[in-house]
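Before any comments, here is the structure.
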Amino acid sequence: MNYPRGHRYMLTELLTRFILLILFIVSEYAEPFQRKIHLEELWLYKNPRTDSYVPTRILWVFICIVPFFIISLSNLLNKCKADGIEAFLALALSFGINGVVTNAVKLIVGRPRPDYFYRCFPDGKGDLKYPCTGSKEDIIEGLKSFPSGHSSFAFDSMVFCTLYLCGKLQVFNQKGRGQSWRLLLALSPLFLSILVALSRTCDYHHHWQDVLVGSLLGSAIAYMCYFQYYPSLNHPNSALPYSILVNLPRADSEDSNQLKKSDSSECISVKWI
């Protein structure tokens with residue numbers, strides 16, 4: 001089937017995401033606010049430095065590969081080009097917004113990480129009244145604790161996957177009600193995001209508040225971006241994006257929610273459920 005939206009629409013959408021990408025890259029190299037650390041709170045920032053349990057490069061592979069696989073599998077089985085395009089547009093939008101918002105808050109708040117003291121004084125000997133002796137890069141990154149970027153991106157990606165699976169598996173409409181395997185399969189990506197988020201407190205790279213807020217932020221952005229392109233999960237055709245729903249004629253039968261056969265008929269049913 002032909003993509004139901006025009007080329008001008010697609011160019012606008014791609015330009016929007018490109019602008020968000022540029023803003024994200026610029027914010028990655030900006031210096032955060034340097035907050036004064038009081039002596040009575042110093043214990044919060046004197047945890048040992050350890051390697052990340054989930055390094056940033058692994059995080060990016062994880063948050064990109066999982067949704068790419070799920071969306072591509074659905075598109076392969078159902079041969080619905082429009083759904084694949086809409087899903088990737090929604091996912092890219094959520095990544096862009098999440099990255100810009102997360103970094104903006106990091107830069108404004110400037111909260112030190114739990115291991116900030118040892119970033120500032122690698123030998124463990126020093127006083128915060130004096131200049132830090134650690135590398136500038138480590139010190140700058142040490143002031144970007146709130147909110148957790150790992151948590152926000154992990155939940156942004158995995159909540160999107162969960163919503164997408166709920167729609168495709170029709171978990172919350174009449175077809176999928178009472179079938180626990182659909183719900184468990186749809187929720188499975190969330191367990192991965194929870195593990196990533198919890199790891200950030202175990203390796204002393206974030207405080208628990210950073211992880212909590214980052215997780216909520218990523219979840220909220222994924223929720224908004226998904227439903228910008230897809231109907232509610234209890235919709236009879238929750239598997240279809242709006243771009244298909246608004247272009248398909250309605251049947252004249254008693255069940256007004258059933259769609260007529262048309263050029264988009266290959267998108268109507270999800271064959272792998």
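Taken together, the values in this text are just the output of simple stated rules run on the coordinates, not laboratory data. Just so it is clear, the model here is predicted, and its values are computed rather than measured. With ideal geometry, Cβ positions are generated from the backbone for all residues, glycine too; neighbour counts draw on all protein chains shown.
Summary table
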quantity	calculated
With Cα atoms, 0 to 90° folded angle of helix 208-229 axis to the chain main axis	20 degrees
Most to least packed among 124-136, 50-62 [average Cβ atoms within 10 Å]	50-62, 124-136
3J(HN,Hα) from dihedral phi, region 46-52, Karplus parametrisation 6.51/-1.76/1.60, rounded to Hz, x for glycine, proline	10, 7, x, 7, 9, 6, 5
Rounded to whole Hz, the Karplus (6.51, -1.76, 1.60) HN-Hα couplings of region 150-156, x for glycine and proline	4, 5, 5, 6, 5, 6, 4
Near-label residues of region 187-206 by backbone N, under 19 Å of a point 7 Å along Cα→Cβ of ILE65	188-197, 199
With Cα atoms, 0 to 90° folded angle of helix 7-28 axis to the chain main axis	10 degrees
Structure-derived Cα extents along the principal axes in Å - corresponding label in (i) 56, 42, 39; (ii) 64, 43, 41; (iii) 78, 42, 26	(iii)
Distance in nm between pseudo-label sites at TYR223 and TYR242 (7 Å out along the Cβ direction from Cα)	1.8 nm
Using a Förster distance of 22 Å, the FRET efficiency for LEU73-GLN174 (Cβ separation, nearest 0.05)	0.35
Acute angle (nearest 10 degrees) that the helix 81-109 long axis makes with the longest principal axis of the chain, alpha-carbon atoms	20 degrees
For TYR242, net neighbour charge (Lys/Arg +1, Asp/Glu -1) across residues whose Cβ lies under 13 Å away	-1
³J(HN,Hα), Karplus 6.51/-1.76/1.60, whole Hz, each residue of region 167-183, x for Gly, Pro	x, 5, 7, 6, 4, 10, 10, 4, 5, x, 4, x, 10, 5, 5, 5, 5
